[in-house]
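Peer 1: One structure is given below, represented as structure tokens, and several questions about it will come after.
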Amino acid sequence: MSQNILKIALDVPLDQLFDYLDNGFDVEIGQRVAVSFGRRKQIGLVVGKSAESGLPVEKLKAIEHAFSDEPALDKPFFRLLKFCADYYHYPYGQALLSALPGRLRQTERAVSRKQFVYRLAPGAEAASIPGRKIVQRRIFAALETNDALNETTLAEISAGWRKAVEEMLSLGLLQASEVLAGLRTGGERLAAPELNIEQTQAIEAICAAPSGFKPWLLYGITGSGKTEVYIRLIERFLHGNDGQVLVLVPEINLTPQLETRFRSRLPHLPLVSLHSNLNEGERLQHWRLAQSGQARIVIGTRLSVFAPMPLLKMIVVDEEHDASYKQQDSMRYHARDVALVRGQQLGLPVVLGSATPALETWHNAESGKYGKLALTNRAVAQAALPEIRCIDTTRNALQDGLTQIMADALRERLARGEQSLLFINRRGYSPVLLCSACHWIAPCMRCSARLVVHLRQGRLRCHHCGHEQKIPPACPSCGNTDLHPTGHGTQRLEQTLAALLPGARVLRVDRDSTQRRHALSEILDAVHANEVDILVGTQMLAKGHDFPNLTLVGVIDTDSALFSPDFRAAERLFSQLMQVAGRAGRAGKPGEVLIQTAFPDHVLFNALRGHDFPVFAGSLLQEREIMQFPPYSYVAVLKAEANDYALVQRFLKYAADSAHGLAQKVMVYDPVRPQMERLKGMERGQLLMHASQRAPLQRLLHALVALLRAHPLNAKVRWAVDVDPLEF
Ligand code: ADP
Ligand code: ZN
Ligand code: ZN
């Protein structure tokens, strides 16, 4: 028997495909196989078939098993991941396998048995069925009056249906699609609001555009009705019997909300969500529904940008500026950018929605590369924009982190039975343990970071590596027993508030208080039931939640972000503050935002007071142009770490020297240590490269990565290339 040679992608850190013999299995491109690799059994994906191998055939192993009954992954899936593997300089096999649901990466566990429904293939003619095939004729006739038949119905037609269906499939008369449970549709349909002019214009512009790839920026302040625009677009794009839309959201926490809203407005369209709060079984099932085309709407976080969707018609990226779209390890892709590439490969519109677009996106919209659509007013007429004011902390003394004005404003809300939100910018505001005598601050031994005080548990914790210890009774450096938590972390503020406003019901929302699976939704319920007077929280609260009785947003401490060495800090701060400001005054009650700052005249606050993102974006873009930062340049960082910095240094020196030799039209800097020099016990270093165009940078990276993979230190240093990094 002659054997095919299969080109197989494996989840191994080698940038190549592997040849195996097909072992007589009937396997298609895009299907999964089990192979032995080294001493382990692994799951692989068949990427190609060939009659030849670079290796002598007698040296090739045969695959152990082929999952021939599973639907194969389609060409677009491979094409998208091939692009990403190249662009982000990550091994193709690992990129492919990591885009699959966990269950499909396991060799042992069997995937649940599948059920199919059958439809007539387009153009199928009864005449092509031979006259004596009675069962086939009956099935055909049944399908002329029914859209699809499932196995139970087919069994009622004839006990011999399986053989008949198989023949009809091979004659091209039928199409099979897998059915999976859990695809709910139906239910009450909520009435749609009448669109305002800007919403109508946005929808018409997108629908009227010639078909093909087109990126759109839907720039609309919080509450301006962007989600309503998505809903109408989905309705328009999925009007017939086929078509799928992918909606990306930055946070798992936002999916249930959006899911409910979509289901209540589009109950006839099967919808699934894809995110990491699903168990493995659900995740596989939802993914399969996307792959079969049965899920018409897929709402998902970052990774779902790779979900196979054969009938995809449009992609929506909500809150496109959000940093959580960027994967920070393994393949460091940006889901918004991948969505754009996917739209380009398939010739589809991609709608990027945001109140504070990423500067890259804004720049592209301003320059006409993207279509720009704006919603400038809040959709609910009586919901006015909140008034934003700064409290100058150089003139108003802080007492335990709060100014008198802030305290009075909180008291006022309390007296009126309204709710307040105190917002703390997460980074750097956690309390550290300080010795008042010698100024010792409790450090993490494994990271260049300080330990954070968790008073309630009486523990110190590193937020980077998870290291934990008891709060020491005395300063280890001088023996002083007077150790204070310093800084205004959420827990500390909670205590201040309890002292200042006795009787106020204060609720803290941060990563610690929301770790349990349903904790956040319980918190949100409590807020809606008016069981809370003051919410204290980090940026978790800044996103997407609607609190009708919330009329005050207080911003405690943001100044360090104004002058951060991270060039995106100001952009991020503005976007966070716009989002928290959007929490106030949504349901007819006027809202107020108070910001404590020592720099009330900073351009960021001026723009914020005027709710004027364009002004702020304009000033930031000017700065970026002068500094030649993105979007005026393209950046990549080679990040390396090892337990001995000398190794990192040698590795980066080699990389820098090689890069200098290879570089054409690319700036290669000297290796440096990042802000966080040590993380989880690893010493870190990095090498920055930038260029005014993508192509030369990509060429350099390609050559450089090949050299580094072959370098002897490759095995001793953990390294990665971060293309378009968010932080460096
Ligand atoms: P965004 O996504 O921009 O924050 P939403 O789509 O959530 O805005 O709209 C904010 C609120 O306004 C929602 O309660 C929504 O139902 C309502 N809304 C949206 N469009 C309209 C409209 N044209 N007329 C009345 N209400 C609207
Ligand atoms: Zn001390
Ligand atoms: Zn640590």
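Peer 1: Identify, among Met445, Ser619, Ile231, the residue whose Cα sits farthest towards the positive end of the charge dipole of the chain, taking +1 on the Cβ of Lys and Arg and -1 on the Cβ of Asp and Glu, with the dipole about the Cα centre.
Peer 2: The listed residue farthest towards the positive side: Met445.
Peer 1: Can you list the lysines whose alpha carbon is less than 19 Å from that of Lys163, not counting same-chain residues fewer than 8 positions off?
Peer 2: Correct list for Lys163: Lys114, Lys133.
Peer 1: Further question on the same structure: Which of the residue pairs Lys226/Lys326; Lys7/Lys75; Lys214/Lys326 have a Cα-Cα distance greater than 20 Å in the structure shown?
Peer 2: Correct reply: Lys226/Lys326; Lys214/Lys326.
Peer 1: Kindly rank 61-69, 498-506 from highest to lowest mean number of other beta carbons found within 10 Å of each residue.
Peer 2: Descending packing order for the listed peptides: 61-69, 498-506.
Peer 1: For every other residue with a beta carbon closer than 11 angstrom to the beta carbon of Val527, add +1 if it is Lys or Arg and -1 if Asp or Glu, then tell me the sum.
Peer 2: -3
Peer 1: Here is a further query. Relative to the Cα centre, what is the charge dipole magnitude of the chain, using +1 at the beta carbon of each Lys and Arg, -1 at the beta carbon of each Asp and Glu, and rounding to the nearest 20 debye?
Peer 2: The dipole of the chain has a size of about 1220 debye.
Peer 1: Using the Cα centre of region 197-375 as the reference point, and only Cβ charges (+1 on K/R, -1 on D/E), how large is the resulting charge dipole? Debye, rounded to the nearest 20.
Peer 2: In total the dipole reaches around 340 debye.
Peer 1: Which ordering of Ile29, Ile234 is given by a fewest-first count of other beta-carbon atoms within 10 Å?
Peer 2: Ile29, Ile234
Peer 1: Hey, can you rank 235-242, 521-528 by average C-beta count inside 10 Å, highest first?
Peer 2: Answer by packing, highest mean first, reads 521-528, 235-242.
Peer 1: Per DSSP H run of at least 4 residues, take -39500 (n - 2.57); add these up for the chain, divide by its residues and hand me the 222 nm value, nearest 500 deg cm²/dmol.
Peer 2: So the calculated ellipticity at 222 nm is -9500 deg cm²/dmol.
Peer 1: Excluding Leu497 itself, calculate the net charge of residues whose Cβ lies under 14 Å from the Cβ of Leu497, where each Lys or Arg counts +1 and each Asp or Glu counts -1.
Peer 2: That works out to +1.
Peer 1: Moving on to the next point. So in the chain, what percent of DSSP beta bridges are antiparallel if you round to the nearest 5?
Peer 2: 55 percent
Peer 1: Which pairs break 22 Å Cα to Cα here: Lys639/Lys716; Lys372/Lys589; Lys49/Lys82; Lys470/Lys680; Lys82/Lys369; Lys665/Lys716?
Peer 2: Beyond 22 Å: Lys372/Lys589; Lys82/Lys369; Lys665/Lys716.
Peer 1: Starting with the highest mean, order 660-670, 188-198, 210-220, 333-343 by the number of other Cβ atoms within 10 Å, averaged over the residues of each peptide.
Peer 2: Result, highest mean Cβ count within 10 Å first: 333-343, 210-220, 660-670, 188-198.
Peer 1: Shifting gears a bit: So what's the net charge close to Leu434: Lys and Arg +1, Asp and Glu -1, counting the other residues with Cβ under 12 Å from its Cβ?
Peer 2: Net charge in that neighbourhood comes out at 0.
Since every read-out is calculated from the coordinates, none of them should be taken as a lab result. Everything quoted here is computed from the prediction, not taken from an experiment. Don't worry about glycine lacking a Cβ; one is built from the backbone with ideal geometry, like all the others, and counts go over all protein chains shown.
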